[in-house]
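Here's the structure we're looking at; comments come further down.
The values are calculated or read from the model by the stated rules, or taken from the named source; none is laboratory data. Because the structure is predicted, anything quoted here is derived from the model rather than measured. A quick note on method: Cβ atoms are made from the backbone with ideal geometry, for glycine too, and the neighbour counts reach across all protein chains shown.
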Amino acid sequence: MSRISLYNSDCVKAMHNIPDDSVDFILTDPPYNLGNFMISRDTNLNKMRENFFGTAGWDNLEYDEWVKAMDGFFEQSARVIKKGGTMIVFMAAIKVETTIQLAEKHGFYYKTTGIWHKTNPMPRNMNLHFVNSTETWIYFTYKTRTGTFNNDGAVLHDFIETSVTPSSERKFGKHPTQKPEMLISHLVSVLSREDDVVLDPFMGSGTTGVVCKKLNRNFIGIELDEEYFNMARMRIEAIVDET
Ligand SMILES: C[S@@+](CC[C@H](N)C(=O)[O-])C[C@H]1O[C@@H](n2cnc3c(N)ncnc32)[C@H](O)[C@@H]1O
């Protein structure tokens, strides 16, 4: 049976409750620091999408403040992760280099940057420019050059293709950047083992927790926003433990 611990809090604050060297895998999707950029471009997204992340209020830090917040997150991550542990951080392509530098400063070993390709993105302004259909994820290990990698002999590409989050995964409410379970499930299956401790400090609607419970991983999830936190708690509680 999975052990699940959830905190409705700022992640750096809540991570102080997690013992040193106790987490096997950190999988997280922090704010990309794109909110102000998107609003300044006046893309009309808030009129086109009922829950546009730029106006949701959780990705509006100035760049320097965002760097400081991410530095605090990596500092705590380095403290709680085990030597040989793995970390995946979803990030906007234009912030990948900054993110790698911050993680390396705290002892993480950079392995690669992968792509998530959405097969059915919203075809917004499709006759004016390329439709945005990708996000990046950055893969690190901690203080070692390799970590858990359950490929069962298969060649695994750093390119993952899925549909966007289906409505069947949004029964408890909508989060503007909710990741599909299929994407997160692939990463959890390959990069952790049953009974491992998985941490998502920016859990949003709780996708990582849902997947961990389905795959028998222990899970620690942290979310600042109360509405998203409750959504995540309900989603995770609704999964019947199979063991
Ligand atoms: C990109 S979303 C994560 C979405 C998630 N992957 C999902 O599938 O639903 C980032 C989340 O981090 C939360 N957040 C922002 N700053 C935070 C902080 N300091 N501590 C904890 N959570 C935070 C936001 O409220 C938002 O829900």
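Quick notes
- When we screen Ser189, Ser167, Ser185, Ser205 for residues that are buried (at least 23 other Cβ atoms within 10 Å of the Cβ) and at pLDDT 95 or above, the only hit is Ser205.
- Each residue in the stretch 138-164 was checked for being among the β-branched types (Val, Ile, Thr) and surrounded by fewer than 10 Cβ atoms within 10 Å (Cβ to Cβ), and 1 pass.
- Odd one out for Ala93 among (1) touching a Leu at 6+ places or on another chain (Cβ under 9 Å); (2) surrounded by fewer than 21 Cβ atoms within 10 Å (Cβ to Cβ); (3) in contact (Cβ under 8 Å) with a residue 40 or more places away in the chain: (1)
- Selection count, the stretch 13-41, where residues are assigned to a loop (DSSP other than H, G, I, E, B), away from the ligand (no atom under 13 Å from the Cβ) and either surrounded by 14 or more Cβ atoms within 10 Å (Cβ to Cβ) or modelled with pLDDT under 85 (or both): 3
- Counted residues, the stretch 208-219 - those being buried (at least 24 other Cβ atoms within 10 Å of the Cβ) and of a type in the set (Val, Ile, Thr): 2
- Conditions (1) more than 22 Å from Cys11 (Cβ to Cβ); (2) in a helix (DSSP H, G or I); number of the one not met by Trp66: (1)
- Residue count for the stretch 134-154 under the criterion of being in contact with a Ser or Thr (Cβ under 8 Å, 6 or more places away or on another chain) and part of a loop (DSSP other than H, G, I, E, B): the result is 3.
- For Tyr7, the criteria (1) away from the ligand (no atom under 13 Å from the Cβ); (2) at pLDDT 95 or above hold in every case but one, which is (1).
- Any hit, the stretch 104-113, residues being outside any loop (DSSP other than H, G, I, E, B), within 20 Å of the chain's Cα centre (by Cα) and exposed (fewer than 13 other Cβ atoms within 10 Å of the Cβ): yes
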